[in-house]
Amino acid sequence: MKEKAVVLIVDDVASNVQILAEVLKDEYHIKVAVDGRSAIELSTKKPYPDLILLDVNMPDMDGYDVLRELKRCVGSDSVPVIFVTGNDTEEDEEKGLLLGAVDYIKKPIHPAIVKARVRTQVTLKKQRDELIYNAVHDQLTGLYNRNHLVLEGERKFSRAFRKNDKLSVMMIDIDHFKIVNDTHGHLTGDLVLKEVASLLIQDNRTEDFSARFGGEEFIVVLDGCSKEDAKEKAETLRKKIEELNPADIKVTASFGISELNKEHNSFESLLRAADSALYSAKSSGRNCVVV
Ligand code: GH3
Ligand code: MG
Ligand code: MG
Ligand code: MG
């Protein structure tokens, strides 16, 4: 069963919360905040709500201030907010919408209309999340895709370069993968790719970043890792791939490693260095790690 979307109701008056919750509780998982501060507390850390119904007039911090604050924080800035308020002039509504609310509902509410508007915004939010997910992930393996690797890699490169931190890149290429496809078929080839990708996901520290670089090539970006540490990790991974036996096929991979040094001027140059190490690994007989 699909998990219910989370709707956060923010209102300082308990009876208002109750009315909205009653209308929405069958379709959504409801969370409640009775003031602006706790609304922000509940909306600026994961898991973010899928939608916020936000009162305007509240003591201390009003709904406008809450929305401004949410728009300032990465993560909560993309949570849709609908104002639900007694402020019913055109100017009020204009102000709310200009601040970035996706809709504006005036009290007293009409349950069927609230339901319909909430449903529209939750659907849009789900579709947007899915589009964003697909824009950064590889569909077959669930790893990050090359586009996202390049963006994230440049970010990591700049940060490490500025702070003089260690940063290593591991490039992995499955050996003789064409033969796997030719012998066992493309679908079995796909299964091999998925299983190797699962190993990468399991192996990651939270600061590591794994992506599918191309057909049967993967990249792991290792924050704070020297080439010696990266080599050790690669050796462990190389053995795990050797023992994997997906679909009863013996699969091996070759590894190229590079570490950020003074000669690198971009993430791309780190990738090139890893690629050239990988080339040496292929020339030295495959199923090995070259730094
Ligand atoms: P080497 O050891 O030198 O790396 O040889 P290789 O056969 O692995 O390398 P090559 O570049 O010749 O072949 C890569 C193959 O990967 C060819 C291509 O059809 C296959 N491939 C690329 N993407 C996919 C995919 O998504 N699924 C499957 N099943 N195969 C793919
Ligand atoms: Mg109020
Ligand atoms: Mg290749
Ligand atoms: Mg290959």
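Bear in mind these aren't lab numbers, they're just calculated from the coordinates by the rules spelled out. Keep in mind that this is a model prediction, so the values were computed, not measured. Glycine also receives a Cβ, built like all others from the backbone with ideal geometry; neighbour counts cover every protein chain displayed.
Mean projection of the Cα convex hull over all viewing directions, computed for the range 118-214: 8.8 nm².
Taking a cut-off of 13 Å between Cα atoms, list the aspartates and glutamates near Lys46, but don't count ones fewer than 8 places away on the same chain. Output for Lys46: Asp77. Remark on Phe213: its backbone amide H falls under 5 Å from those of Phe218, Ile219, a criterion applied only to residues 5 or more positions apart or on other chains, H modelled at 1.01 Å from N.
Expressed to the nearest 5 percent, the antiparallel share of DSSP beta bridges inside the chain is 50 percent. Expressed as a fraction of 2.2 N^0.38 Å, the C-alpha radius of gyration for the chain is 1.33. Computed 3J(HN,Hα) for the range 41-58, one whole-Hz value per residue from the Karplus formula 6.51 cos²θ - 1.76 cosθ + 1.60 where θ = phi - 60°, is 3, 7, 10, 9, 10, 6, x, 5, x, 7, 7, 10, 9, 10, 5, 8, 7, 9, glycine and proline marked x. Using the beta-carbon distance between Leu131 and Asp60 and R0 = 51 Å, what value does 1/(1 + (r/R0)^6) give for FRET efficiency, to the nearest 0.05? Given R0 = 51 Å and the Cβ-Cβ separation, E is 0.90. Note on Asn261 and Ile113: their simple-model spin labels are 6.9 nm apart, each label 7 Å out from Cα toward Cβ. Approximating the spin labels as points 7 Å out from Cα along Cα→Cβ, the Thr123-to-Ser78 distance works out to 2.1 nm.
Label reach from Glu268 (point 7 Å along Cα→C-beta): in the range 110-153, amide nitrogens under 20 Å belong to 145-153. Rounded to the nearest 500, the helix-only mean residue ellipticity at 222 nm of the chain stands at -16000 deg cm²/dmol, with each DSSP H run of n ≥ 4 adding -39,500 (n - 2.57). Segment Lys4..His29, full-extension length gain: 8.4 nm, with 0.36 nm per residue of separation and the alpha-carbon distance subtracted. Just list whichever of Lys4/Lys125; Lys166/Lys233; Lys71/Lys107; Lys25/Lys115; Lys178/Lys282; Lys45/Lys166 have alpha carbons separated by over 19 Å in the model shown. Where the Cα-Cα span goes over 19 Å, the pairs concerned are Lys71/Lys107; Lys45/Lys166.
Considering only C-alpha atoms, what is the centroid distance from the range 80-98 to the range 173-250, in Å? Each part reduced to its Cα centre gives a spacing of 52 Å. Quick one: if the Förster radius is 30 Å, what FRET efficiency do Ile201 and Ser38 give, using the C-beta to C-beta distance and rounding to 0.05? Given R0 = 30 Å and the Cβ-Cβ separation, E is 0.30. In the chain, the longest principal axis of the Cα atoms and the axis of helix 146-163 are about 90 degrees apart. Residue ranges 51-64, 99-112 sort as 51-64, 99-112 when ordered by packing (mean number of other C-beta atoms within 10 Å per residue, highest first).
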